[in-house]
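The values are calculated or read from the model by the stated rules, or taken from the named source; none is laboratory data. Everything numeric here is computed off the predicted structure, so don't read it as measured data. Here the Cβ positions follow ideal geometry from the backbone for every residue, glycine too, while neighbour counts run over all protein chains shown. Just so you know, the surface numbers come from the protein's heavy atoms only, side chains and all, with ligands and any DNA or RNA stripped out. Shrake-Rupley method; radii C 1.70, N 1.55, O 1.52, S 1.80 Å.
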Amino acid sequence: MGEVKVIGASLSSFCCRIEWALKLKGVEYEYIKEDLRNKSPILLQYNPVHKKIPVLVHNGKPVAESLVILEYIDETWQENPLLPKDPLEKSTARFWARFVDEKCIVSAWDACRAEEHEKERAVESAQESLGMIDKLIEGKKFFGGETIGFLDLVVGSLPNWLKFLEELGGIKLVDAEKFPSFHEWSKKFVEIPIIKEKIPMPDDLINYFTTSGLAKTIRGSALANNK
Amino acid sequence: MAKNDVKVLGAWPSTFVMRPRIALNIKSVNYEFLEETFGSKSELLLQSNPVHKKIPVLIHGDKPICESMIIVEYIDEVWTSGPSILPSDPYDRAIQRFWAAYVDEKWFAAMRGLRIAQGEERKAFLDQVTEGLALLEEAFGKCSKGKAFFGGDRIGLLDIAFGSLLGWLRVTEKVGKVKLLDEAKTPGLVKWAESFCADAAVKSIMPETEKLIEFSKLLMAQMKGAPPPKN
């Protein structure tokens, strides 16, 4: 159904959502790898407003912002629906997707970057958000039910990113005891072949941050101090 | 559906609260507007939105739906007999959602900064706001295709997302003595703003600029730690 390109970067948790969605729907696409330290003319052309990845380009027309792209994919290719049909269930999935992006991811980064005297409070705040996700998945196989759906793809690489942020910031955010349901879900999720094929791994994230010198920019970074 | 089956928890000055109200008006759905008291949060709000404890909340039957743009899409999906708020084409829907997200995540933050900041910082926010308006002017040209609204002939998702900010935009223009929507730089948006505010779905709920200015004084006082007024 037309030509599909994804402009992305392999370590980005936002990009892998898009590739997973396309693979789940059996859509073939061309992957264009972007170097975020040296943004290409293609990226600047297709996402002039934010200059960020991922961008989906379908028949020459670009769509940006991962949650917007996911809904576009779901509406364009109807096999293996990602979002539920029921409006209330759909609203709930959208609500929690925003929560993951606006609260979980942001608060985890804040905890990683916090100054020593603020660290404890920042970690507590991050754990409060993660606790809500843990509660949400309690008793369920996947956020989407028996099979993965929209919210599974959004939460997606969060466990791996959290492991990376823990090491980067010298903090503890998650463990199997504190968030057992989230832990169970993440074990099942990463075993799914489509997911396993392309998910940012904590070691690769650590490598990227230390070799690029980005670790040094994180205040109080345990990694930067070890180098 | 009986009127008390649909409730909106909110407050008249709030941009975000306007959004579901406009959407319900577009669909000709009767609803009960439950106003929160300024400075405190009701039990109903805390129960209906325990995660964020914020307005607006739509309560449909006994089910709460939170987050203004999520509520607008819910309204569009439930009340299908009324005019559509989102276009039917997936690409057009994506464009509307993209710009609605831009308004909320980038432009709104710049506007808020502009209202509060002083000196050099204020100039930086003003630049961000005017750059954003230039982008939105261009988006308006592409989305409207010569018609009155971002949604075409009728108010759509992006009109609601952006239009709900017009009240406070006018406050910023008046109090800050700055022209944001400008016939020379943003002629499309100037005309659009008039059409939007005159629309039947919006007219009765768009707050008057003077009332918002009075309210903003209350807000400033609260931010500085004054006790909330007794209602």
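For residue B:200, only one of the following conditions fails: (1) over 20 Å from residue B:94 (Cα atoms); (2) touching a Cys at 6+ places or on another chain (Cβ under 6 Å). What is its number?
Condition not satisfied by residue B:200: (2).
As an exercise: evaluate residue B:107 against (1) in contact with a helix residue (DSSP H, G or I) (Cβ under 8 Å, 6 or more places away or on another chain); (2) open to solvent by 50 Å² or more (accessible area, probe 1.4 Å); (3) assigned to a helix (DSSP H, G or I); (4) of a type outside the set (Ser, Thr, Tyr) and give the number of the one condition it does not meet.
(2)
Is it true that residue A:126 is free of Cβ contacts under 8 Å to residues at least 60 places away in the same chain and within 13 Å of another protein chain (Cβ to nearest Cβ)?
No, not satisfied.
Any chance the stretch A:61-70 includes a residue that's surrounded by fewer than 17 Cβ atoms within 10 Å (Cβ to Cβ) and closer than 30 Å to residue A:41 by Cα?
The answer is yes, given that some residue of the stretch A:61-70 is surrounded by fewer than 17 Cβ atoms within 10 Å (Cβ to Cβ) and closer than 30 Å to residue A:41 by Cα.
Identify, please: which residue in the stretch B:48-58 is part of a loop (DSSP other than H, G, I, E, B) and open to solvent by less than 20 Å² (accessible area, probe 1.4 Å) and is, among those, farthest from the other protein chains (Cβ to nearest Cβ)?
B:56
Taking the criterion of being at pLDDT 95 or above, open to solvent by 20 Å² or more (accessible area, probe 1.4 Å) and in contact with a Gly (Cβ under 8 Å, 6 or more places away or on another chain), would at least one residue in the stretch A:176-184 satisfy it?
There is at least one residue in the stretch A:176-184 that is at pLDDT 95 or above, open to solvent by 20 Å² or more (accessible area, probe 1.4 Å) and in contact with a Gly (Cβ under 8 Å, 6 or more places away or on another chain).
Test residue A:43 against the criterion of being of a type outside the set (Asp, Glu), in a helix (DSSP H, G or I), more than 10 Å from every other protein chain (Cβ to nearest Cβ) and open to solvent by less than 40 Å² (accessible area, probe 1.4 Å), and give yes or no.
Judged against the criteria, residue A:43 is a match.
Looking at B:51, B:78, can you tell me which residue is more than 18 Å from residue A:50 (Cβ to Cβ) and touching a Cys at 6+ places or on another chain (Cβ under 9 Å)?
After ruling out the rest, the residue left standing is B:51.
Identify the residue in the stretch A:158-175 that is open to solvent by less than 70 Å² (accessible area, probe 1.4 Å) and assigned to a loop (DSSP other than H, G, I, E, B) and, among all such residues, is nearest to residue A:125 (Cα to Cα).
A:173
Say whether the condition of being on the phi < 0 side of the Ramachandran plot and within 10 Å of chain B (Cβ to nearest Cβ) is met by at least one residue in the stretch A:106-120.
No, because not a single residue in the stretch A:106-120 is on the phi < 0 side of the Ramachandran plot and within 10 Å of chain B (Cβ to nearest Cβ).
Give the residue that is modelled with the lowest pLDDT, with candidates limited to residues of the stretch B:64-91 that are open to solvent by 50 Å² or more (accessible area, probe 1.4 Å) and out of contact with any helix residue (DSSP H, G or I) (no Cβ under 6 Å at 6 or more places or on another chain).
B:81
Somewhere in the stretch A:7-16, is a residue more than 10 Å from every other protein chain (Cβ to nearest Cβ), at pLDDT 95 or above, out of contact with any Gly (no Cβ under 9 Å at 6 or more places or on another chain) and open to solvent by 10 Å² or more (accessible area, probe 1.4 Å)?
no
Would you pick out the residues in the stretch A:185-207 that are open to solvent by less than 70 Å² (accessible area, probe 1.4 Å) and under 13 Å from residue A:11 (Cα atoms)?
Listed by number, the residues that qualify are A:198, A:199, A:200, A:202, A:205, A:206.
Is it true that some residue in the stretch A:73-94 is of a type in the set (Phe, Trp, Tyr), within 13 Å of another protein chain (Cβ to nearest Cβ) and open to solvent by less than 70 Å² (accessible area, probe 1.4 Å)?
yes
Could you please give the count of residues in the stretch B:59-68 that are closer than 16 Å to residue A:93 by Cα and within 9 Å of another protein chain (Cβ to nearest Cβ)?
Number satisfying all stated conditions: 4.
At positive phi, part of a loop (DSSP other than H, G, I, E, B) and either among the charged types (D, E, K, R) or open to solvent by less than 60 Å² (accessible area, probe 1.4 Å) (or both): does that describe residue B:39?
Against the criterion (at positive phi, part of a loop (DSSP other than H, G, I, E, B) and either among the charged types (D, E, K, R) or open to solvent by less than 60 Å² (accessible area, probe 1.4 Å) (or both)), residue B:39 qualifies.
Quick check: anything in the stretch B:129-141 within 17 Å of residue B:114 (Cα to Cα), open to solvent by 20 Å² or more (accessible area, probe 1.4 Å), within 14 Å of chain A (Cβ to nearest Cβ) and touching a residue at least 40 places away in the same chain (Cβ under 8 Å)?
Among the residues of the stretch B:129-141, at least one is within 17 Å of residue B:114 (Cα to Cα), open to solvent by 20 Å² or more (accessible area, probe 1.4 Å), within 14 Å of chain A (Cβ to nearest Cβ) and touching a residue at least 40 places away in the same chain (Cβ under 8 Å), which makes the answer yes.
I need the full set of residues from the stretch B:8-32 which are open to solvent by 50 Å² or more (accessible area, probe 1.4 Å) and farther than 17 Å from residue B:166 by Cβ, in order please.
Correct list: B:28, B:30, B:32.
With the condition kept exactly as written, say whether any residue in the stretch B:109-119 is within 25 Å of residue A:55 (Cα to Cα), within 14 Å of chain A (Cβ to nearest Cβ) and in contact (Cβ under 8 Å) with a residue 12 or more places away in the chain.
Looking for residues that are within 25 Å of residue A:55 (Cα to Cα), within 14 Å of chain A (Cβ to nearest Cβ) and in contact (Cβ under 8 Å) with a residue 12 or more places away in the chain, one finds at least one in the stretch B:109-119, hence yes.
Please go through the stretch A:133-157 and pick out each residue that is among the hydrophobic types (A, V, I, L, M, F, W, C) and open to solvent by 10 Å² or more (accessible area, probe 1.4 Å).
A:136, A:142, A:143, A:148, A:151
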